[in-house]
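K.L.:
Encoded as structure tokens, here's the structure I'll be asking about.
The values are calculated or read from the model by the stated rules, or taken from the named source; none is laboratory data. Everything numeric in this text was worked out from a predicted model, so none of it was measured. Cβ sites come from the backbone with ideal geometry, for glycine too, and all protein chains shown count toward neighbours. SASA here: full protein model, heavy atoms, side chains in, ligands and nucleic acids out. Shrake-Rupley method; radii C 1.70, N 1.55, O 1.52, S 1.80 Å.
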Amino acid sequence: MAHTVEEKKRLLNRVRRIGGQVGAIERLLSEESECSDILHAISVCRGALDSLMAEVIEGHIRYHVLDPHREPTDEQQQAAQDLVDALKTYLK
């Protein structure tokens with residue numbers, strides 16, 4: 001899915017951080033930590049997943065919904081940006 005080597009590295013780094021966050025949740029549960037600590041860790045992980053989702057959706061819109069071989073019209077560019085902005089707001 002990554003459209004450039006740099007995007008691939010960035011996405012994989014995000015996934016690795018999320019893996020660490022999930023591991024932290026597992027440790028908190030194993031240690032029978034306070035509910036508030038567990039809920040906070042889950043919230044942080046969910047935020048990271050939502051950010052990853054937004055980034056992947058934005059890439060999909062820019063490389064697959066818009067034709068990457070043709071310059072989009074101003075209307076198409078604005079519509080794509082509006083959709084990306086709406087999704088990012090929704091996922092926050």
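K.L.:
Could you check segment 40-61 and list, in sequence order, the residues that are free of Cβ contacts under 8 Å to residues at least 24 places away in the same chain and open to solvent by 50 Å² or more (accessible area, probe 1.4 Å)?
P.N.:
HIS40, ILE42, SER43, VAL44, ARG46
K.L.:
Right, ASP37: open to solvent by 40 Å² or more (accessible area, probe 1.4 Å), at pLDDT 90 or above and among the charged types (D, E, K, R) or not?
P.N.:
On the way: open to solvent by 40 Å² or more (accessible area, probe 1.4 Å): yes; at pLDDT 90 or above: yes; among the charged types (D, E, K, R): yes.
Yes: the conditions hold for ASP37.
K.L.:
Right, here's the next one. Can you report the number of residues in segment 62-75 which are β-branched (Val, Ile, Thr) and at pLDDT below 90? Before you say what the answer is, go through the steps one by one.
P.N.:
If we filter segment 62-75 for residues that are β-branched (Val, Ile, Thr), which is where we start, we get 65, 73.
Narrowing further to those that are at pLDDT below 90: 65.
Within segment 62-75, residues that are β-branched (Val, Ile, Thr) and at pLDDT below 90 number 1.
K.L.:
When you check TYR90 against the structure, is it aromatic (Phe, Trp, Tyr), open to solvent by 70 Å² or more (accessible area, probe 1.4 Å) and in contact (Cβ under 8 Å) with a residue 24 or more places away in the chain, yes or no?
P.N.:
Criteria not met by TYR90.
K.L.:
How about segment 7-24: which of its residues are open to solvent by 70 Å² or more (accessible area, probe 1.4 Å), over 21 Å from VAL65 (Cβ atoms) and charged (D, E, K, R)?
P.N.:
Of everything in segment 7-24, those that are open to solvent by 70 Å² or more (accessible area, probe 1.4 Å), over 21 Å from VAL65 (Cβ atoms) and charged (D, E, K, R) turn out to be LYS9, ARG16, ARG17.
K.L.:
While we're on this one: List pairs: first residue in segment 66-85 and in contact (Cβ under 8 Å) with a residue 40 or more places away in the chain and under 17 Å from GLU55 (Cα atoms), second residue open to solvent by 80 Å² or more (accessible area, probe 1.4 Å) and of a type in the set (Ser, Thr, Tyr) anywhere in the structure, Cβ distance under 9 angstrom, at least six positions apart or on different chains.
P.N.:
none
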